[in-house]
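Read through the structure below, which is laid out as structure tokens, and then see the notes.
The values are calculated or read from the model by the stated rules, or taken from the named source; none is laboratory data. Here the structure is a predicted model, which is why all the values come from computation and not from measurement. Please note: Cβ atoms are built from the backbone with ideal geometry, for glycine as well, and neighbour counts cover all protein chains shown. Side chains included, ligands, DNA and RNA excluded: accessible areas come from the protein's heavy atoms. Shrake-Rupley method; radii C 1.70, N 1.55, O 1.52, S 1.80 Å.
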Amino acid sequence: PGELEEEQEIRPISWRTQDETAETRGVIIGRLFHKAIHRWCFPGDPLLEGLLESEALRSGLVNADLKAAAIEGAKAHLERLHAHPLWQEIHTVSERYHELPFTLQVNNHTQIGFIDLVYRDEVGWHIIDFKTDPIATTAQRDALVEKYTRQIQRYRQAVRQLLKVDPS
């Protein structure tokens with residue numbers, strides 16, 4: 001057998017989660033939430049349930065109780081966003097991009113990613129990066145702000161390159 005045949009026999013490992021840890025639950029809720037945001041799909045939309053169910057399974061969640069809990073967690077985040085005045089602002093703009101792909105060259109390194117949401121209103125362009133991290137204390141919030149600040153700076157640089165605008 002040739003080298004190519006040997007490589008074809010290697011199958012990717014499929015992982016499934018049966019255990020719930022705060023980290024696993026948060027990651028999966030985040031995936032479900034982001035998939036719904038990408039489709040701009042919110043509670044009340046008949047497509048939401050199937051979308052979240054499919055994404056939960058794709059994320060490896062096969063335990064029915066854990067899957068249901070993750071779906072409910074994602075829905076709770078979506079409901080909070082949908083009830084917020086920012087949702088109405090974003091929903092009514094004429095130009096918005098969900099999961100905007102980007103590639104940046106920074107110091108001879110290629111950075112590839114997706115920006116959750118970029119939209120333009122009468123003031124200008126805005127970047128929204130949704131986070132589903134639990135925050136119980138001011139110290140946790142401050143640590144998360146520090147953690148994600150560099151990410152937002154990369155996003156601003158990417159939007160400048162892609163759209164030739166300076167976002168807020």
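Miscellaneous remarks
- Residue list for region 1-58, filter: assigned to a loop (DSSP other than H, G, I, E, B), at pLDDT 90 or above, surrounded by 10 or more Cβ atoms within 10 Å (Cβ to Cβ) and not acidic (Asp, Glu): TRP40, CYS41, PHE42, PRO43, LEU47
- The single residue among LEU117, LEU104 that is open to solvent by less than 30 Å² (accessible area, probe 1.4 Å) and either hydroxyl-bearing (Ser, Thr, Tyr) or more than 25 Å from LEU32 (Cβ to Cβ) (or both) turns out to be LEU104.
- Out of GLN140, GLN161, sole residue that is open to solvent by 30 Å² or more (accessible area, probe 1.4 Å), touching a residue at least 40 places away in the same chain (Cβ under 8 Å) and polar (S, T, N, Q): GLN161
- Restricting region 124-133 to residues that are in a strand (DSSP E or B) and not β-branched (Val, Ile, Thr), the residue that is farthest from GLU79 (Cα to Cα): TRP125
- The residues in region 59-85 that are assigned to a helix (DSSP H, G or I) and either touching a residue at least 12 places away in the same chain (Cβ under 8 Å) or open to solvent by 80 Å² or more (accessible area, probe 1.4 Å) (or both) can be counted, and the count is 18.
- Those residues of region 29-69 which are small (Gly, Ala, Ser) and more than 21 Å from HIS98 (Cβ to Cβ), in sequence order: GLY60, ALA64, ALA68, ALA69
- Any hit, region 107-123, residues being in a strand (DSSP E or B), out of contact with any helix residue (DSSP H, G or I) (no Cβ under 9 Å at 6 or more places or on another chain) and among the hydroxyl-bearing types (Ser, Thr, Tyr): yes
- Annotation note: Cβ proximity below 6 Å between a residue of region 26-45 that is touching a residue at least 40 places away in the same chain (Cβ under 8 Å) and a residue that is assigned to a helix (DSSP H, G or I) and among the β-branched types (Val, Ile, Thr) (sequence gap 6+ or interchain) occurs for no pair.
- Any chance GLU89 is open to solvent by less than 50 Å² (accessible area, probe 1.4 Å), assigned to a helix (DSSP H, G or I) and out of contact with any Phe, Trp or Tyr (no Cβ under 8 Å at 6 or more places or on another chain): no
- Candidate set: region 134-148, residues that are among the β-branched types (Val, Ile, Thr) and assigned to a loop (DSSP other than H, G, I, E, B); chosen: the one nearest to GLY26 (Cα to Cα): ILE135
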